[in-house]
Amino acid sequence: TQTVSQSDAHVTVFEGDSVELRCNYSYGGSIYLSWYIQHHGRGLQFLLKYYSGNPVVQGVNGFEAEFSKSDSSFHLRKASVHWSDSAVYFCAVSLNSGGSNYKLTFGKGTLLTVTP
Amino acid sequence: GALVYQYPRRTICKSGTSMRMECQAVGFQATSVAWYRQSPQKTFELIALSTVNSAIKYEQNFTQEKFPISHPNLSFSSMTVLNAYLEDRGLYLCGARQGFTQYFGPGTRLLVL
């Protein structure tokens, strides 16, 4: 069973600051890693994903994430945040077993608050 | 781009009644559709995974008798919550898969009185 840990429940930064949201997972097999953003009262918006290749992946709105097999991590970063980036961010893991086995396991989420 | 619509966005039903929600993938053909429920505490539960022309696979604690799903084609799925009670409240999210990515709709928020 894979698990996803987001160690920070709440992160507060100033507009223009850089930010890193942490995600660690536990699973030894072949997996997909994703990040989603959820604005208040809204659904999940896909940000980016990693499966293989370059461990640094680029997403929408200036977000990027770096996969580290040794650390079992997939941290999300942004160089300069905007107030509109305030939202809950979810890291998700799914197995790469093909077929219909595509269950996403989500972390508990990190609430990012960007203050002016 | 890949868009997923859900209808209704919000619904209120009386305890013991049922309500149906719909999910539409626009701009792509979804190879599978997953229905999740997000609790008021923000945690996610997978209800079922549906692939066209295959049996719908329900997760533990969720049954077809309680959450019947229809998935007639690659762009549309619907799910009904039968005999809804307080514990069924939450945000019901539809995730439509394209390749290795699951795109979600805005969700249907269910309130039960």
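Reachable lysines from A:Lys103, Cα under 30 Å, same-chain residues fewer than 8 places away excluded? Once the sequence-local lysines are set aside, what remains near A:Lys103 is A:Lys49, A:Lys69, A:Lys78, B:Lys42, B:Lys57, B:Lys66. Label positions at A:Ser5 and A:Ser80, each projected 7 Å from the Cα along the C-beta direction, are separated by 3.5 nm.
Considering only B:Ile12, B:Ile56, B:Thr80, the residue lying farthest towards the positive end of the dipole of segment B:1-103 is B:Ile12, judged by Cα position with unit charges set on Cβ. For the protein assembly as shown, the equivalent ellipsoid built from the Cα gyration tensor has semi-axes of 29, 21, 16 Å, listed from largest to smallest.
About the Cα centre of segment A:3-115, how large is the charge dipole given +1 on each Lys and Arg Cβ and -1 on each Asp and Glu Cβ? Please answer in debye to the nearest 20.
Values: 8 positive and 8 negative charges, 81 e Å.
For this selection, approximately 380 debye.
At what distance in angstrom do the alpha carbon centres of segment B:47-113 and segment A:42-116 lie from each other? Centre-to-centre (Cα) distance: 23 Å.
Note on segment A:3-115: Cα-only Rg and Dmax are 13.6, 44 Å. Of the trypsin sites (Lys or Arg not before Pro) found in segment A:20-116, those that fall in a DSSP loop while having at most 11 other beta-carbon atoms within 10 Å are A:Lys69. Straight-line reach from B:Lys14: taking Cα to Cα under 14 Å and skipping same-chain neighbours fewer than 8 places apart, the aspartates and glutamates in range are B:Glu87, B:Asp88.
In chain B, the ratio of gyration radius to Kirkwood radius, Rg to Rh, stands at 0.95 when only Cα atoms are counted. Remark: segment A:11-25, residue by residue, has Karplus-estimated 3J(HN,Hα) of 10, 10, 9, 8, 4, x, 6, 8, 8, 10, 10, 8, 9, 10, 10 Hz, where x stands for each Gly or Pro and the curve is 6.51 cos²θ - 1.76 cosθ + 1.60 at θ = phi - 60°.
Here, each number is a calculation from the coordinates, and none is a lab measurement. The model shown is predicted, which means the values in this text are computed figures rather than measured ones. Glycine gets a Cβ as well: all are built from the backbone with ideal geometry, and neighbour counts include every protein chain shown.
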